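The values are calculated or read from the model by the stated rules, or taken from the named source; none is laboratory data. It should be emphasised that the depicted structure is a prediction, and the values quoted were computed from it without experimental measurement. For neighbour counting, all protein chains shown are included, and Cβ atoms are generated from backbone atoms with ideal geometry for every residue, glycine included. Surface accessibility is based on the protein's heavy atoms, side chains included, excluding ligands, DNA and RNA. Shrake-Rupley method; radii C 1.70, N 1.55, O 1.52, S 1.80 Å.
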Amino acid sequence: ERKTRINEAFSVGGKFKMQGFENTMDTVEVLLGGIPVNYYMAVDMTVVKEIIDITGGLYYDVDIHVKICGREVQKGYQKLTGQQALDYARVRKGYGTDIARMDRQQRIVMAVVEQLKERGKILKIPEYYDAISEKSYTNLSTEQLAALALFANKLDLEESMDRHTVPTVGLPLIDKKSMLGIKQKEFAALVKEIYGVDIPIDYEMDGETIRANKTR
């Protein structure tokens, strides 16, 4: 049985034109021990750029000095254009791990949502979606998006929304690919904390076990 990265589920499923999203949901559902995953929402990161520009920029405290494609983003609190926010979120080599990059992307998206709330524009999310629908993919209806916008408008994001990272350990190269293995016991405890559900622990797929076997 071939082991590969979870983020390859989309391409293995046939990407946009086939069953990429469905295969990704099924894969995550298995990872979560059977907790159902019914909906997806995916956007090209350029959509974040467009929303930031449509809504007048993003105030953000940039924690790293970024240089990319001849452009620069300075450190410090400032008003970012959509392109600057995208550069900050996407920069890779020399700017930390993939996990650090994902963290930046999540923080940018959270900041966008928070500032949409502050400006009273979050209820326009369904309208923005219509404008960027060619670069957005979801099985949510417009009515469901509108309901989620109403729900988000009532939330205090800092108090009501948590971000978590799956506990992992670095693995030796597998099929010439660098990968992270999941610490199964810690992951099961995290799922219990978030969902209140006990999931089975797959010790054969435990990251530390795989690493130990690979390094013998």
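Structure notes:
- The residues packed around Thr55, meaning those with a beta-carbon under 10 Å from its beta-carbon, carry a net charge of +1 if Lys and Arg are +1 and Asp and Glu are -1.
- Eligible aspartates and glutamates near Lys79 by straight Cα distance, threshold 18 Å, same-chain separation 8 or greater: Glu50, Asp53, Asp61, Asp63, Asp87, Glu114, Glu118
- Result for the chain in a Gaussian network model with C-alpha springs under 10 Å: among Thr138, Thr97, Thr46, the largest mean-square fluctuation is at Thr97.
- Rounded to the nearest 10 degrees, the angle from helix 20-31 to the longest Cα principal axis of the chain is 50 degrees.
- Partners of Lys183 within straight-line reach, counting lysines whose Cα lies under 21 Å from its Cα and excluding those fewer than 8 residues away in the same chain: Lys3, Lys192, Lys214.
- Trypsin sites (Lys or Arg not before Pro) within the stretch 136-187: DSSP coil, no more than 13 neighbouring Cβ in 10 Å: Lys154, Arg163, Lys176
- Stretched out straight at 0.36 nm per residue, the stretch from Val43 to His164 would grow longer than its current Cα-Cα span by 41.5 nm.
- Among the listed pairs Lys49/Lys154; Lys93/Lys176; Lys15/Lys176; Lys49/Lys93; Lys67/Lys124; Lys15/Lys75, those beyond 30 Å (Cα-Cα): Lys67/Lys124; Lys15/Lys75
- Global form of the stretch 13-67, assessed from the alpha-carbon gyration tensor, a/c cut-off 1.5: prolate
- Mean separation of Cα contacts under 8 Å (6+ apart) over length of the stretch 18-133, as relative contact order %: 19 percent
- Residue of Arg101, Arg92, Arg71 that the Gaussian network model of the chain assigns the largest fluctuation, springs spanning Cα pairs under 10 Å: Arg71
- Global geometry of the stretch 57-205, whether rounded, prolate or oblate, following the gyration tensor of its Cα atoms and the 1.5 cut on a/c: oblate
- Surface share of carbon and sulfur [accessible, 1.4 angstrom probe, percent] for the stretch 144-183: 54 percent
- C-alpha long axis of helix 98-118 to longest principal axis of the chain, angle in °: 30 degrees
- Coupling constants for the stretch 60-66 follow from the phi torsions by the Karplus curve (6.51 cos²θ - 1.76 cosθ + 1.60, θ = phi - 60°), and in residue order they are 7, 8, 6, 9, 9, 7, 10 Hz; glycine and proline get x.
- Loop-located GluC sites (Glu not before Pro) in the stretch 20-107 (DSSP state not H, G, I, E or B) with no more than 11 neighbouring Cβ atoms inside 10 Å do not occur.
- 0 to 90° range, to nearest 10: angle between helix 142-153 axis and the chain longest Cα axis: 80 degrees
- For the stretch 24-142, the fraction of 1.4 Å probe accessible surface lying on carbon and sulfur atoms is 53 percent.
- Relative contact order computed over the chain (Cα-Cα under 8 Å; 6+ residues apart), in percent: 15 percent
- Cα principal axis extents for the stretch 1-140, largest first, Å: 48, 38, 26
- Whether the stretch 145-216 is rounded, prolate or oblate, judged on the alpha carbon gyration tensor where a/c under 1.5 counts as rounded: prolate
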